[in-house]
Amino acid sequence: MSAAQFTRPLQRKLQEAGLQGCVDAAAFKRLLQYAEDVRGSLDQVHEILQVLKSNMGDDDDGVVSAADVDAAVRRMTGTVAKRDLAFVVSAFDVPRVVYDPVSKRLHADSRASKFLPTAEEKHRLYLNRYNLLLQRLRRNRRFQPPNPLQAAAGAAPQAQLTELMGLKGSGGETCIVMGIIGSQEDGHLAIEDVGAKVPLDLSAAKLASGFLTENCVVVAEGAMTRDGVFRAAAVGFPSCEPRSALPATAARLDFFGAPALSPEEEAAAEVAEVEGAEDRLVFLQDVWLDRPETFEALGTIFAGYEEADAVPAMFVLIGNFTSKKAGDCAGAGGDGGADYPALRDGFGALAALIERHAKIKEGSRFVFVPGPGDPGLGGALPQPPLPSYFTSEVARVLPGAVFSTNPCRRARARVIKYYTREVVVFRYDALKALRRRCLVPCDDLEQDDPSVSFAHLALTLLQQSHLCPLPLPAQPVHWAFDHALQLYPLPHTLVLADGSAGQEEFRHEGCSVFNPGCLHEGLFGAYAPFQDGFEPSALPGAAALEAEAAEAAAAEAERRRRHADEAAEAGARDVAMAEAEELLEDEEAAAATAAAAADEEGAEQDAEALMAGAEGEDGGGGGGGGGGPCAARGSGSEEEEEGWRAAGAGREEEEEDVLPAWLMQQHEQRTQGDAQEGG
């Protein structure tokens with residue numbers, strides 16, 4: 001009998017079960033197929049319909065789908081359909097979950113995300129970040145409202161958050177506030193919450209842990225000054241919470257985006273976790289396909305795993321896939337930039353290498369995560385995967401390969417659900433970026449210990465519940481897809497592939513954070529998901545490569561130091577020359593002032609001489625016996641006249657030493673005129 005012959009009997013059974021009009025076309029087709037499989041046994045069909053009807057209360061839209069029919073069939077037959085339980089979820093498929101401060105509940109936001117959003121999305125970006133951390137902090141035991149019974153019993157007082165709007169009447173009282181660090185139009189720092197924005201002074205603040213930059217959500221303790229500035233004494237990040245502390249109302253929300261598993265598949269996944277305790281996920285970072293030594297390293301790794309009892313379940317190859325920056329490609333006029341045809345040939349060579357290792361090809365799954373210097377559409381988070389122009393040959397050899405999304409040129413975020421384990425892969429040089437923009441350094445960071453630096457880096461990302469808490473001008477983000485970078489709730493594992501950090505591991509609140517290391521340094525990492533263990537690995541000779549890298553880094557640091565010293569010396573020379581020029585200008589100004597003063601003094605002496613001569617003439621003519629200087633010169637002896645001449649010559653020699661030539665000429669003419677008048 002064909003499936004079409006069961007159409008009318010199945011419709012009657014649906015009417016009897018009260019499901020008529022509640023089954024979509026795909027589900028009806030699946031029921032017809034099941035009726036054909038059981039050779040028209042209406043009793044078994046009736047049992048399936050009863051199971052579907054009992055599950056109708058769990059379905060919000062009241063429509064039976066094909067997936068519901070498959071689940072009911074598996075429940076009745078006691079079989080579980082085989083399905084790959086390792087999912088790789090695109091960053092663009094991660095659902096958006098927001099916190100509503102009015103209803104005080106987390107809920108799914110069904111609004112469609114667009115690459116060209118309105119300006120309101122930027123406002124929602126900051127608002128969602130702040131509200132998500134605020135609801136988490138308010139559930140913290142220290143920040144819960146005080147219990148009157150405990151207070152009467154003399155229990156220690158609980159910490160209480162103060163809104164920024166309430167600081168105006170605090171009168172210098174010490175308060176605890178929460179807000180986002182930002183900057184004002186004048187360039188000074190400010191802290192902002194939903195209701196107000198207050199200038200912030202961090203000059204005397206101490207940071208507990210992490211890297212504090214603009215755009216971070218902080219909890220600060222301090223007081224308002226008289227000039228309206230909040231002076232912080234201590235600053236920290238909102239503390240994390242384990243996955244088990246998630247509110248009961250949010251337990252059924254999908255934060256991850258992976259397909260939901262039926263109860264039978266959940267049970268099968270738990271059994272598979274026990275049976276697959278030896279499964280490994282191998283992470284390879286900075287797989288430079290334009291270097292021959294990269295293929296030698298990959299060949300060594302593949303051959304080593306093929307000799308083992310079981311090959312890894314998954315290889316995750318993380319960019320950069322070229323040692324040169326794609327943004328400075330030769331086609332754009334850059335020197336020594338990425339060669340796109342050579343990059344495509346590199347992926348072809350990688351496909352050929354994988355094809356030569358049949359055991360790896362058949363037993364392992366490959367995931368490709370682009371890196372900062374790989375080709376992409378701009379530098380905003382998130383970005384699409386690598387173009388198929390480069391990966392077509394790999395896709396031909398590995399039909400099951402996954403080419404992941406790319407949050408930005410300098411960052412990669414990808415979520416992998418391996419059975420019941422949630423893994424987030426993030427490619428970003430976060431340590432360098434956060435160090436560069438850190439506002440308040442921690443005391444223990446002065447030791448320059450790689451393990452301590454990585455711990456502060458991991459704490460910053462986990463406590464901010466965000467993969468990139470940097471200012472938007474420093475790291476652009478697609479406003480409508482900012483939720484794809486959230487780390488709430490905490491995943492089981494965060495693979496922080498950071499090229500500026502070493503091969504490190506850190507654990508906090510049940511989340512394992514590790515950096516697999518760079519392949520060009522001979523380092524890679526393996527992760528056992530069911531044992532929740534990170535296995536740092538290294539190729540033979542990795543110590544020598546690491547020493548060479550350290551030597552190269554030291555040489556680069558020495559070069560930068562010499563450059564800084566040369567710049568300082570050049571600056572010192574410029575300062576010395578400027579000081580010399582200023583001193584010369586001061587000497588010239590002093591000489592000009594002295595000359596002007598001498599001119600003024602000579603003019604005064606000449607004026608006094610003229611007035612004295614005029615008085616002598618008046619006295620000689622009136623009294624006959626009075627004598628002035630001119631009268632003495634006229635009536636005196638020749639010796640006195642020679643003395644007068646000698647004195648005048650001496651004064652002229654002195655004036656020649658001080659006065660300029662044009663002034664001396666005027667003085668001589670004036671002296672000759674006086675002599676003629678005296679004669």
Fewest first, what order do Y130, Y34 take by the number of other Cβ atoms within 10 Å? Y130, Y34
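Would you kindly state how much longer the chain becomes between A303 and A594 on full extension, computed as 0.36 nm times their sequence separation minus their alpha carbon distance, in nm to one decimal? Don't skip to the answer; put the middle values down first.
Details: separation 291, 0.36 × 291 = 104.76 nm, distance 9.11 nm.
Extra length available between A303 and A594 comes to 95.7 nm.
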Starting from 0.36 nm per residue, how many nanometres of slack lie between D254 and M165 once their C-alpha separation is accounted for? 28.5 nm
Between D532 and I176, 0.36 nm times their residue separation minus their Cα-Cα distance comes to what? 124.4 nm
Between F92 and A580, take the C-beta separation as r, use R0 = 60 Å, and let me know the FRET efficiency to the nearest 0.05. 0.40
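S183: net charge of surrounding residues, Cβ under 12 Å, Lys/Arg +1, Asp/Glu -1, itself excluded? Write out the running numbers ahead of the final one.
On the way: positive: K197, R437; negative: E185, D186, E192, E214.
Taking every Cβ under 12 Å from that of S183, the sum is -2.
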Which residues' amide hydrogens lie under 5 Å from the amide hydrogen of F403, considering only partners 5 or more residues apart or on another chain, with H built in the peptide plane? F368
In nanometres, what is the gap between the two model label sites at A352 and S110, each 7 Å from Cα along Cα-to-Cβ? 5.3 nm
Most exposed to least, judged by fewest other Cβ atoms within 10 Å, I318, I176, I301 sort to I176, I301, I318
At 7 Å along the Cα-to-beta-carbon direction for both H188 and L127, put a label point, then send me their distance in nm to one decimal. 2.9 nm
Summing +1 for each Lys or Arg and -1 for each Asp or Glu, what net charge is found among the other residues whose Cβ lies under 13 Å from the Cβ of Q135? +4
Rounded FRET efficiency, nearest 0.05, which uses the C-beta distance separating H46 from Q5 and R0 of 22 Å: 0.80
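Coordinate-derived values only; no laboratory data. Please read these numbers as outputs of a predicted model, since none were measured by experiment. Please note: Cβ atoms are built from the backbone with ideal geometry, for glycine as well, and neighbour counts cover all protein chains shown.
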